[in-house]
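Take a look at the structure set out below.
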């Protein structure tokens, strides 16, 4: 990766990123879900709400995430705002892989897993078509960023 590409990987301060996502969740909650989600389109990622089961508490935890669709699957990344460490939702999903997602067109029950090998490379490339700074942002993290596939599931949530 070139230094020129890394120099474009500017991110706002961590406190701002956390505040932004907190406000986004707040707007979603107070609007009854009418504000905060958007459909993924060609060249633009969408916004979904993911609800996991806490790996330690057993309580429901929700987060708003970017995504794109890949056939019947929904694809997101466990990026933690590009900071180090794994996001709590990803750790929860690994412990309890059957979760629910809310999209503009309704709720779905899905099973989450990490993409690997050629599948991961293909999906990473698709995401980098949407976000041209993806590699530079990923370089800010000390560990590889998981590409998460949410596949349709017939299992109940939990």
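The values are calculated or read from the model by the stated rules, or taken from the named source; none is laboratory data. Computed from a predicted structure; not experimentally measured. Note that we place each Cβ from the backbone using ideal geometry, even for glycine, and neighbour counts take in every protein chain shown.
The set of residues in segment 128-151 being surrounded by 12 or more Cβ atoms within 10 Å (Cβ to Cβ) and under 28 Å from residue 60 (Cα atoms) consists of 141, 145, 146, 147, 148, 149, 150, 151. Residue count for segment 69-97 satisfying the condition of being over 25 Å from residue 16 (Cβ atoms) and touching a strand residue (DSSP E or B) at 6+ places or on another chain (Cβ under 9 Å): 11.
Going by the structure shown, is residue 33 in a loop (DSSP other than H, G, I, E, B) and over 21 Å from residue 119 (Cα atoms)? When the stated conditions are applied, residue 33 passes them. The residue that is modelled with the lowest pLDDT, counting only those in segment 74-87 that are out of contact with any helix residue (DSSP H, G or I) (no Cβ under 7 Å at 6 or more places or on another chain) and surrounded by fewer than 16 Cβ atoms within 10 Å (Cβ to Cβ), is 84. Take the residues in segment 52-73 that are touching a residue at least 12 places away in the same chain (Cβ under 8 Å) and within 22 Å of residue 32 (Cβ to Cβ); name whichever of them is surrounded by the most Cβ atoms within 10 Å (Cβ to Cβ). Checked segment 52-73; the qualifying residue surrounded by the most Cβ atoms within 10 Å (Cβ to Cβ) is 52.
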